[in-house]
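The values are calculated or read from the model by the stated rules, or taken from the named source; none is laboratory data. Only a predicted model underlies this, so the values are computations on that prediction, with no experimental measurement involved. Ideal geometry is used to build each Cβ from the backbone, glycine not excepted, and the neighbour counts take in all protein chains shown.
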Ligand code: PNS
């Protein structure tokens with residue numbers, strides 16, 4: 001219990017594609033765990049057009065391996081809406097990380113849609129400034145052509161990228 005009483009009794013739901021999870025994501029998860037107490041990370045996918053670099057099962061396994069050191073963090077997957085995944089996780093709040101203005105534009109709109117449809121609030125946390133340039137898309141692109149991204153992703157993801165693109 002903290003000096004302010006037992007106020008860390010909420011579950012945050014953190015949805016994303018996580019293809020793959022990078023250190024910016026991990027920082028958001030750690031921030032959410034610190035603030036709320038418990039976090040469910042939701043690997044969201046679309047059955048119809050899921051053509052990611054990593055399969056959903058691989059993304060789940062890599063995310064689980066990457067959050068293993070954090071207390072009260074679990075990983076789920078869901079095909080469909082984030083609000084349904086959040087409900088299934090019995091989450092009190094959705095959490096998202098903001099890196100820049102572009103993130104804000106889309107995330108702000110999504111948060112209002114999700115609240116309008118499901119009454120679920122979204123809380124934003126600021127990305128670690130040292131990681132605010134990191135994206136899964138560019139991690140994938142650089143790794144694919146042999147670039148070193150090992151300082152930008154958790155060790156299990158770095159190993160998986162090396163194995164995937166080993167020549
Ligand atoms: O890691 P990403 O690709 O930025 O994550 C985006 C994601 C998966 C969180 C977002 O696209 C999403 O919530 N998709 C689920 C479908 C959904 O809930 N759509 C309604 C948005 S208001």
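Observations on the structure shown:
- Screening the candidates 78, 25 for the property of being modelled with pLDDT of 95 or more, assigned to a helix (DSSP H, G or I) and within 14 Å of the ligand (Cβ to nearest atom) yields one hit, 25.
- Test: residue in the range 82-97 that is under 12 Å from the mean Cα position of the chain (by Cα) and surrounded by fewer than 16 Cβ atoms within 10 Å (Cβ to Cβ): no
- If the condition is being more than 11 Å from the ligand (Cβ to nearest atom), buried (at least 16 other Cβ atoms within 10 Å of the Cβ) and part of a loop (DSSP other than H, G, I, E, B), then the range 114-127 contributes only 127.
- Some residue of the range 99-113 being without any contact (Cβ under 8 Å) to a residue 60 or more places away in the chain and either away from the ligand (no atom under 14 Å from the Cβ) or buried (at least 19 other Cβ atoms within 10 Å of the Cβ) (or both): yes
- Among the residues of the range 128-167, not one is surrounded by 14 or more Cβ atoms within 10 Å (Cβ to Cβ), part of a loop (DSSP other than H, G, I, E, B) and modelled with pLDDT under 95.
- Some residue of the range 53-75 being within 13 Å of the ligand (Cβ to nearest atom), surrounded by fewer than 14 Cβ atoms within 10 Å (Cβ to Cβ) and either free of Cβ contacts under 8 Å to residues at least 24 places away in the same chain or within 24 Å of residue 163 (Cα to Cα) (or both): no
- Inspection of the range 39-47 identifies at least one residue that is more than 23 Å from residue 129 (Cα to Cα), modelled with pLDDT under 95 and surrounded by fewer than 18 Cβ atoms within 10 Å (Cβ to Cβ).
- Of all the numbered requirements in (1) at pLDDT below 95; (2) in contact with a strand residue (DSSP E or B) (Cβ under 9 Å, 6 or more places away or on another chain); (3) more than 13 Å from the ligand (Cβ to nearest atom), residue 4 misses one, and that requirement is (2).
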